[in-house]
1. Taking region 305-344, which residues are closer than 19 Å to Gln75 by Cβ and of a type in the set (S, T, N, Q)?
2. Determine if region 105-126 includes at least one residue that is under 22 Å from the mean Cα position of the chain (by Cα) and within 16 Å of the ligand (Cβ to nearest atom).
3. How many residues, within region 439-458, are under 24 Å from the mean Cα position of the chain (by Cα), open to solvent by 50 Å² or more (accessible area, probe 1.4 Å) and over 28 Å from Glu341 (Cβ atoms)?
4. For region 588-596, check the following and say yes or no: at least one residue is crowded, with 24+ Cβ neighbours inside 10 Å and within 30 Å of Pro374 (Cβ to Cβ).
5. Have a look at Ser791, Ser728 and point out the one that is over 35 Å from the mean Cα position of the chain (by Cα) and among the small types (Gly, Ala, Ser).
6. Among the listed residues Glu186, Glu173, Glu212, Glu177, identify the single one that is among the charged types (D, E, K, R), under 19 Å from Val279 (Cβ atoms) and in contact with a Pro (Cβ under 6 Å, 6 or more places away or on another chain).
7. Within the bounds of region 393-407, is there any residue that is touching a Lys or Arg at 6+ places or on another chain (Cβ under 8 Å) and open to solvent by less than 10 Å² (accessible area, probe 1.4 Å)?
8. Any residue in region 50-67 that is under 11 Å from Thr18 (Cα atoms) sitting within a Cβ distance under 8 Å of a residue that is acidic (Asp, Glu) and open to solvent by less than 40 Å² (accessible area, probe 1.4 Å)? List the pairs, counting only those 6 or more apart or interchain.
Amino acid sequence: MPQKPIVYDAPTPEPRATTVEAIQAEILERLIYSIGKDPIVARPHDWLAATILTVRDRVMDRWMESSRETWRSSQKRVYYLSLEFLIGRLMRDAMSNVGLIEPVRDALKNLNVDLGDLVNLEPDAALGNGGLGRLAACFLESMSSVKIPAYGYGIRYVHGLFRQEMSEGWQVELPEEWLAHGNPWEFERRESAYEIGFGGSVEPVIDPDGIERQEWRPNDHVMAVAFDTPIVGWRGARVNTLRLWSAQPIDPILLDKFNSGDHIGALEESSRAEAITRVLYPADSTAAGQELRLRQEFFFSSASLQDIVRRHLQQYDELDSLPDKVAIQLNDTHPAISICEMMRILLDVHGLEWAHAWKLSRGVFGYTNHTLLPEALESWPVALLERLLPRHMQIIYAINAEVLTEARQRAQFTDGQIANVSLIDENGGRRVRMGQLAFVGSHSTNGVSALHTELMKKTVFSDLHRLYPERINNKTNGITPRRWLMQCNPGLTKLITDRIGPEFLDNIDLLQGLNAHADDQNFQKQFAAVKRDNKVRLAKVIKDRLGINVSPDAMFDVQIKRIHEYKRQLLNIIQTVAAYDEIRAHPERDWVPRVKIFAGKAAPGYWNAKLTIKLINDVAKTINNDPSVRGLLKVVFLPNYNVSLAEVIVPAADLSEQISTAGMEASGTGNMKFMANGAVTIGTMDGANVEMHKEVGDDNIVIFGLRTEEVNEKRSTSEVPRSSIDASPRLMEALESISSGVFSPDDPNRYRDLIGGLYDHDWFMVARDFDAYVAAQSKVDKLWSDPRRWSSMAIKNTARVGYFSSDRTIRQYAEDIWGVSVPET
Ligand code: 26V
């Protein structure tokens, strides 16, 4: 039902002035009238809030204009559903995108406040685990920048990803409090609140027109309340909305209980509701399987779907146009229950017939797969779904019946193939496979790099691919060049601008213009000088946080990402130990000084990952304190890796470690950030590394190791890793020193099992790839020893990063999946 006619041309006040004087006056005004602080007693957080409010004001007019424009022109809207948005800080991003950095800096200076200090005070919004969440954040920014009417939908977790501290080299998890000082960016929308049901029963009811429908009668309810954050694109192209849902009790004081004197009972009820959005699940490699996680998934899916359908009806007053006006992208399977919720709304609330609803629904959804690791593929016990979401379970059975009948009749599938495509996994206790649900409920299923997409077709989704051969497509990931080049590396941005002009700021492909300067000695020197400045800055962070001195003239060799066996931090640290042995054995040789920099969080329950962190710290302690190393090798583990820390480390990297076991990293996006900032990659033929290799050419990247097929072969034959260890005295020596306690004299057996795994199965090919990795590192040393060669490679990496812009990725989603036209500029 249309609620109220929309008036498109209502008056708005003049946009706020952007002069230094106007900004300065407004910051003061905000401080006094919005924060309630006298400038003479205001604390840094008060200045930060006042500054954010002042910046926010300057995106409001564009925000309103963007949404009016979408209403006025009846454009299709894109909804990006993600349980994670790893945003980091927003203030510098927003200021930079609307060109306010300089005037705000000057205004604050006049008020005796340093902008840099405020920027570093803003909490880092870590509502995500790693690559998947950061991709969602890059996509939001790109959708605004390329002018697509879009909404991000997610959860407003009270606690984002845990804060990592070190206790004697072990990871300790502490709760993170990003909302402790309030969040000036967000607008609470109490009027946009929806009831979310759980549990209860399903009853058939007869419509007035005699048709039987199903009605879900949940016995448990919570409210989803919207909090909106504006996301502004480059040069203010458009402002989209990130809408995050917060769970609140239906009636804050549950009057009946309250009146009957059960004050405590009423409050218990309210904390039970709020528990749903209290904390982000901190594992990104194993499906959690807890009921609370499923509640989170349904809670945010249902709220988002109700909101989307309400907005559509308000504008169009009918549902047939849904696929023409709405595209919903599912970021992995976490929001896949949305497909059932859409069907429930269409069937039970709006009385559509099954076939009609199914066609509309499938026309709307697209699904992105981000991992093929079996342990990360979500599935839920049928019994749990039946209890928590009985109507949705019925719908899953109905979808399954339709798909399996089609498989049998049209495609003549065998029993084995039927079992593969079924939404119900019958091995062990019966479970619903969310990947299969997402695939069959969408018109598009995409992978995130060329290699990953091919593997999807061959492995997890092979039979579904046979049944629906048009559905799988590739959309190689990207990163936003605004945050990951222009903002985090102003020195390099200025150098590039001086050399090829500022046009690349608006068309990142123009970085190609740098190719012509890659061998220009003068430019090489300037490029290296910028890198050195960034290394000096990082060296200071290392000194401040860890008390370790590192030389900015050494090669900064960096591996920063979640700690996981498939990412092989273990391979890197074993090679470090081998290098340590070599340096001591051959002090007379010409060693290239290196600083090995690690950072990353381990899932709290992932023992081998946590042990790897401890190993890195143990090795660091030994090597950094051994005088016979003469400073030629340093090892650094920077605690509490997050977006803000990445923004300091990435511009300072010389060498980017992208060394996952081939076939296991779906894409990687850190690899692209380093490339943009002129680091050389050492990597395997995995994920998007394959495409980076293609873009920069074999001479400008160092590739090593087993290819995907070789990994599969090794795993399927009886070949044992022992032979690679026996054949490599260097490896054997390093393994023996670690496993016998050289780095853990306080607990000599600490690493026995971890290293034992390499002799035993070596699932991740650490032993098998070791010699190739060592050879690749020697090649890196050689290249480094020729500074002109190295600079030329580094420059060419930056020059050729254009393909890995998330603007390109988003344009491809828009064209191939969403059916949204993108304006040329
Ligand atoms: C899975 C799970 C399982 C249930 C518990 C919570 C949880 C949270 C996240 C995930 C997703 C894991 C998949 C993932 O993060 N994939 C990464 O996606 C990046 C963006 O496409 C890609 O660059 C990385 O290669 C890929 O590992």
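1. Hits for region 305-344 are Gln314, Gln315, Ser321, Gln329.
2. yes
3. Residues meeting the conditions: 2.
4. Checked region 588-596: no residue is crowded, with 24+ Cβ neighbours inside 10 Å and within 30 Å of Pro374 (Cβ to Cβ).
5. Ser728
6. None of the other options fit; the residue is Glu173.
7. Yes: region 393-407 contains one or more residues that are touching a Lys or Arg at 6+ places or on another chain (Cβ under 8 Å) and open to solvent by less than 10 Å² (accessible area, probe 1.4 Å).
8. What qualifies is Thr54/Glu26; Asp57/Glu26.
The values are calculated or read from the model by the stated rules, or taken from the named source; none is laboratory data. Worth saying up front: this structure is predicted, and the values here are computed from it rather than measured. Cβ coordinates were reconstructed from backbone atoms using ideal geometry, including for glycine residues, and neighbour counts include every protein chain displayed. For the accessible areas, the whole protein counts, side chains as well, though only heavy atoms, and no ligand, DNA or RNA atoms are used. Shrake-Rupley method; radii C 1.70, N 1.55, O 1.52, S 1.80 Å.
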